[in-house]
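Following: one structure in structure tokens, then a few remarks.
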There are 4 protein chains.
Amino acid sequence: MTQHRAGPVRSEEARTAILTATGRLMSDRGYEGLTMEGVAQEAGVGKQTIYRWWSSKSALVAECLLEGFILPDHFAVPETGDLRADLTAWLDSLFQLLAEPRGDAILRALIAAAADDAEVGRRLRERLGGGSVIEDRLRRGIDEDDLRPDAPLTEITEALVGAVIIRALSREAVAPGASDRLVRAVIESSEPT
Amino acid sequence: MTQHRAGPVRSEEARTAILTATGRLMSDRGYEGLTMEGVAQEAGVGKQTIYRWWSSKSALVAECLLEGFILPDHFAVPETGDLRADLTAWLDSLFQLLAEPRGDAILRALIAAAADDAEVGRRLRERLGGGSVIEDRLRRGIDEDDLRPDAPLTEITEALVGAVIIRALSREAVAPGASDRLVRAVIESSEPT
Amino acid sequence: MTQHRAGPVRSEEARTAILTATGRLMSDRGYEGLTMEGVAQEAGVGKQTIYRWWSSKSALVAECLLEGFILPDHFAVPETGDLRADLTAWLDSLFQLLAEPRGDAILRALIAAAADDAEVGRRLRERLGGGSVIEDRLRRGIDEDDLRPDAPLTEITEALVGAVIIRALSREAVAPGASDRLVRAVIESSEPT
Amino acid sequence: MTQHRAGPVRSEEARTAILTATGRLMSDRGYEGLTMEGVAQEAGVGKQTIYRWWSSKSALVAECLLEGFILPDHFAVPETGDLRADLTAWLDSLFQLLAEPRGDAILRALIAAAADDAEVGRRLRERLGGGSVIEDRLRRGIDEDDLRPDAPLTEITEALVGAVIIRALSREAVAPGASDRLVRAVIESSEPT
DNA sequence: TTTTAACCGAGACGGTACGTCTTGTCTTATA
DNA sequence: TATAAGACAAGACGTACCGTCTCGGTTAAAA
């Protein structure tokens, strides 16, 4: 017999409205400028409904990020069989995000969120490649003999992702060919001879 | 701040007290938790004295950073003649900062500050190596034939600094030998054959 | 043939639990501090069950009062044949209520309820004598020649009840003999010569 | 509140604006309906400016009452030499207040405030006669041989004031001649033979 | 020598946002 | 279909800071 309880269930409508509003306000005003009151307003929701399910601003942003309400899903790493090309394409799509009017603001807002909330930090790293997507791609590179088996996957991943973060923080335009040079510098020494 | 006289010239005493208080509160409470009111209190200073000389929290933090009230000066890159060893040592000193109780908090506070203020972003990048110290060292590496003349200095620098940032944001412990692996991965392909 | 209808009927158990809880919370926390959620909790009842039968906090308190869940029933006016003694005894029992630890809180809570709800106001007046118990007793005093037929019953009643209210609001201790002096002052001029 | 300069001394302008707003809102919405947020809005003042100087809603109302921002000053007891006439006139002015559209609301709001704040209770009693104005008038009545020296002043006062409170709470219209009957009933037995 | 102008610590001001609490309505599942 | 449980939108509560503006006092340079 299944244990049941009486009572209403969580409103998916409210949840979605809150995450959507958070995503929009995040890119409009940044992390510091994002207010719970503003989210409640924008979502047409009582503040208590937010606090019932998320304990803090950063928890809200973390889930938002995880569910793809902030960074679009197409930051997946392509897989064409050419490792260098795939990594370069992935970096390019991120650098392009930085070049867009609001793209850099969103990314910096996420960095700020990550800086004061461990959960967001971990999520951001996963989403931007660390620990999962990029590392997986590199692992398959080993399988296909594009990389040597002893390649330092973690360090390569962090070097790539970190470079994106640095660009976001320093607000400097990305020079043409940067993706290519970066991938080559980081990968080449791990390629089979 | 000790009891003293006021006067129509800028009080160095007040300035120092403010920067010191900012540094302390930055590591205690992080960037978001840092308040102008708290700085004024801690420094024994009127709020207007802060606003008279700094336009915002981030301007204050930026100067604090520039003057070495936050990150100690000894993050200079060593120069022993062995490029790899120098870079590894420099990375190690940063990773060690991250391992210290408050070191990671300070660095994350700085990242948050950089994320919402362009000036802090630039300063942080300079201080952590980008654009100056690390790049200069690499350039001297070229002079001494430790690197090929066409080495992508900017990309190498950003990969190195970015990896540190990523570690700070993800709160993951640094594996032994990480500095070495990272330096090798990033440098090797640019070393003369 | 008796008319029947389908479905459950109002739960007397719930009704009683609600009124009991209201009475207890009223004396614990006062009228302002009384919350519908608290009543539901204390009574083990859904909030809707309260709102289904009572339109507001004051309606709930009004019924509570009417049904004797707040002020005990023994505030009836005694009838020994001695009008002055009866009124004095009745006043004394009220002044004694005021002297008890929670008695004054309850009475003030009721006054607050009366102040913002007309229904509670009327009920309180009835219960404390106005319009019924005290006036009835006075009327019988006329019948028994303890009062002149033209005695201003309404005014006498209000003077007596009002004095109790004033004491409750001013939180001043009642001086010994106050009941007696008050009754005498208010009654004497209406006694037969 | 008009646009002006602030400074490190308490702004009389702000204080007055707050008390005025409180008085107006008190009669518009009653004590329960009076909100600190509403007062701040109406007075053109930050909420903190209210909380800096008054600890609670009731403290605010208490001062409002004391300073005559709620009940007008002309509730002084007249003094024509004729005690009965003076008391009757005073009662009439209060009953007339009750008959006015907002008069009863204000008085009930004050009663509610008094019910949950001791300070307001004491102030209200003073203002409506208890302990000072009415009792003083009665004392002068003794001096002028209108009352016997042993007249129970406190009880007479409370009977008179209490009758007004009862009327306010019960929302019943005052019958013509009520003031006169009440004064006579309460006074007569204390008049010299 | 006297202004006078800018500094100082302190802190009140009008505000915004916080996170909690309560209200009264609505929804779900149980009995 | 009445119930207990409880999610919901709304909005008041009292607190913490924001950045601006005086206040009264000090002190160095200009008149």
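Couple of notes before you dig in:
- Other-copy label distances relative to residue C:143, 7 angstrom Cα-Cβ extension, nm: 4.9, 10.3, 12.1
- Chain D comes nearest to the axis taking it onto chain B at the Cβ of one residue; that residue and its distance, in whole Å, are D:48, 4.
- Two-decimal log10 I(q)/I(0) for the range A:22-107, as the Debye equation yields it once each C-alpha is a single scatterer, q = 0.12, 0.26 Å⁻¹: -0.46, -1.27
- Ordering of A:113-125, D:100-112, A:167-179, C:163-175 by packing is A:113-125, C:163-175, D:100-112, A:167-179, highest average first (other Cβ atoms within 10 Å, averaged per residue).
- Couplings 3J(HN,Hα) for the range C:54-69, derived from phi with the Karplus relation 6.51 cos²θ - 1.76 cosθ + 1.60 (θ = phi - 60°), are 10, 7, 6, 4, 5, 4, 5, 5, 4, 5, 4, 5, 4, 8, x, 7 Hz, where x marks Gly and Pro.
- Seen against the Cα atoms of chain C and their longest principal axis, helix C:153-170 is set at about 60 degrees.
- Degrees, to the nearest 10: C:12-33 long Cα axis against longest axis of chain C: 60
- In chain C, the calculated helix contribution to ellipticity at 222 nm averages -20500 deg cm²/dmol per residue, counting -39,500 (n - 2.57) for every DSSP H run with n ≥ 4.
- Principal-axis tilt of helix B:178-187 within chain B, Cα atoms, nearest 10 degrees: 60
- Inter-chain Cβ neighbour average for residues D:99-111, partner chain, 10 Å: 2
- Legend: ranking of residues C:22, A:16, B:20, B:193 from fewest to most surrounding C-beta atoms inside 10 Å; resulting order B:193, A:16, B:20, C:22.
- Descending semi-axes in whole angstrom, ellipsoid equivalent of the range D:73-190, from the Cα gyration tensor: 24, 16, 12
- Pairwise Cα distances in the range C:12-66 exceed 15 Å for 34 percent of all pairs.
- Between residue D:79 and residue D:100, the modelled label-to-label distance comes to 2.5 nm, taking each label 7 Å out from Cα in the direction of the beta carbon.
- For residue D:101, inter-copy label distances in nm, listed shortest first [label point 7 Å out on the Cα-Cβ vector]: 4.9, 5.3, 6.8
- Legend: mean number of C-beta atoms from other chains within 10 angstrom of residue C-beta atoms, peptide B:172-185, equals 4.
- The alpha carbon radius of gyration of the range B:47-86, expressed as a multiple of 2.2 N^0.38 Å, is 1.84.
- All C-alpha to C-alpha distances of the protein assembly as shown, sorted into 20 Å bins beginning at zero, yield P(r) values of 13, 30, 22, 20, 12, 4, 0 percent in whole numbers.
Values in this text are rule-based calculations from the coordinates and carry no lab data. Because the structure is a prediction, the values reported are computed rather than measured. All Cβ positions, glycine included, derive from the backbone under ideal geometry; neighbour counts span all protein chains shown.
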